[in-house]
1. Out of SER119, SER148, report the one residue that is at pLDDT below 95 and touching a Leu at 6+ places or on another chain (Cβ under 6 Å).
2. For the stretch 199-229, what are the residues that are of a type in the set (Phe, Trp, Tyr) and surrounded by fewer than 23 Cβ atoms within 10 Å (Cβ to Cβ)?
3. Determine whether the stretch 75-88 contains at least one residue that is at pLDDT 95 or above, more than 30 Å from GLY26 (Cβ to Cβ) and out of contact with any helix residue (DSSP H, G or I) (no Cβ under 9 Å at 6 or more places or on another chain).
4. Return the residues of the stretch 116-156 that are under 22 Å from ALA78 (Cβ atoms) and not in a loop (DSSP other than H, G, I, E, B); say none if nothing qualifies.
5. How many residues does the stretch 29-42 hold that are part of a loop (DSSP other than H, G, I, E, B) and surrounded by 13 or more Cβ atoms within 10 Å (Cβ to Cβ)?
6. Please indicate, with yes or no, whether at least one residue in the stretch 15-28 is under 16 Å from the mean Cα position of the chain (by Cα), buried (at least 16 other Cβ atoms within 10 Å of the Cβ), more than 27 Å from HIS149 (Cα to Cα) and at pLDDT 95 or above.
7. Select from the stretch 95-112 the residues that are among the hydrophobic types (A, V, I, L, M, F, W, C) and more than 14 Å from the chain's Cα centre (by Cα) and write down the one among them that is nearest to GLU142 (Cα to Cα).
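The values are calculated or read from the model by the stated rules, or taken from the named source; none is laboratory data. Small disclaimer: the values here were computed from a predicted structure and weren't measured. Heads up, the Cβs are rebuilt from the backbone with ideal geometry, glycines too, and the neighbour counts pull from every protein chain shown.
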Amino acid sequence: MNIAFIREVGLLKFLRRKALRQCYEGVLKRDHGMLLPTGEWMNLPIGDLFASEAYITNGDVDWGSERLLFSLLTKRGAFFDIGAHIGYYSLYMLPRATEVYAFEPDPKARVLLDNNVGSNPKIHVLPLAAGAKPGRARFTLEPDSAISHFANEYDDPAKIIAIDVVTLDNFVRTRGITVEAIKIDVEGHDTEVIQGALNVLNDQHPIVLTEAKPEAALFALTRKVGYRVFAFVMKGQTPRKLFAELVPDKPIPGLTKMLFLVPPPLAKRFESLVSH
């Protein structure tokens, strides 16, 4: 049992929502749903660990990052959900996006994604991965589709499929899309997605929310386009999160979960949010 997670959620809330989730999974044996904070209904498939986390936190999976990202959207462009899984971010951001492009190469996850968003004409489900260069790639399917990933030499060949990879630069350019925001969560390959999107970042200045680690490779990319890095940071085991700017060559002031890559037009807004 993850004590830190229970502390974040709150004991009573955790026990109440965990018990109801277990009732659907173990007794009723059927999916259920929840209303996201931004007003969209989301189906929660039983057996999916991320769906459980989304329900138990009541739509606060990423320490408030999703709520902050939503507050920044102005309906001036599309939202790109890279690693869409079951559609949590796609649905969360939908009310303030002109359209949503949901990238999900895992066929099992894509079934769940289609169940959630497939009937919405503003959401485009794409059986693609995004990366640093276009082509074909080997992709490992895990029992928990939230952690399926680009294959490495240690993966079981029986679990590997071939997938199509695009760069966001090419995808956006060929379709003439205006992009306002991008979320990236692709199990350790977030910097490759960013590398393939540098023209979009430089020309259109979308806000980016990514699970990338605050490491040298990421800072090298953000410097190329004048972006800065901010994040909610957890110090110790307390549920309280600080908001901080992360800079190269300085210690990270705690644990991070998602990072905001912030374009120059939004820098002042983010500076005002930093905890003092």
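1. Numbers: SER119 fails: touching a Leu at 6+ places or on another chain (Cβ under 6 Å).
None of the others qualify; the one that does is SER148.
2. The first filter runs over the stretch 199-229 and keeps only residues of a type in the set (Phe, Trp, Tyr), leaving 219, 227.
Residue satisfying the conditions is PHE219 alone.
3. Our first condition is that a residue be at pLDDT 95 or above; within the stretch 75-88, this holds for 75-88.
Okay, now just the ones that are also more than 30 Å from GLY26 (Cβ to Cβ), so 75-82.
Narrowing the set further to residues that are out of contact with any helix residue (DSSP H, G or I) (no Cβ under 9 Å at 6 or more places or on another chain) leaves 76.
The answer is yes; a qualifying residue exists.
4. ASN116, VAL117, ILE123, HIS124, VAL125, LEU126, LEU128, ALA129, ALA130
5. Step one: list which residues in the stretch 29-42 are part of a loop (DSSP other than H, G, I, E, B), which gives 29-31, 36-40.
Going one step further and asking which of them are surrounded by 13 or more Cβ atoms within 10 Å (Cβ to Cβ), we end up with 31, 36-38, 40.
Matching residues across the stretch 29-42 total 5.
6. So the first thing to find is which residues in the stretch 15-28 are under 16 Å from the mean Cα position of the chain (by Cα), and the list is none.
No: zero hits.
7. Residues of the stretch 95-112 that are among the hydrophobic types (A, V, I, L, M, F, W, C), as a first pass: 97, 100, 102-103, 109, 111-112.
Next cut, more than 14 Å from the chain's Cα centre (by Cα) only: 97, 109, 111-112.
Details: ALA97: 31, ALA109: 10, VAL111: 15, LEU112: 15 Å.
Here the answer is ALA109.
So that you can scan it fast, the table gives a plain yes or no per residue for (1) among the polar types (S, T, N, Q); (2) touching a residue at least 60 places away in the same chain (Cβ under 8 Å); (3) not assigned by TED's automatic domain parsing to the domain that holds GLU99:
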residue	(1), (2), (3)
SER148	yes, no, no
ALA158	no, no, no
ALA162	no, no, no
THR167	yes, no, no
GLN195	yes, yes, no
LEU209	no, yes, no
GLU215	no, no, no
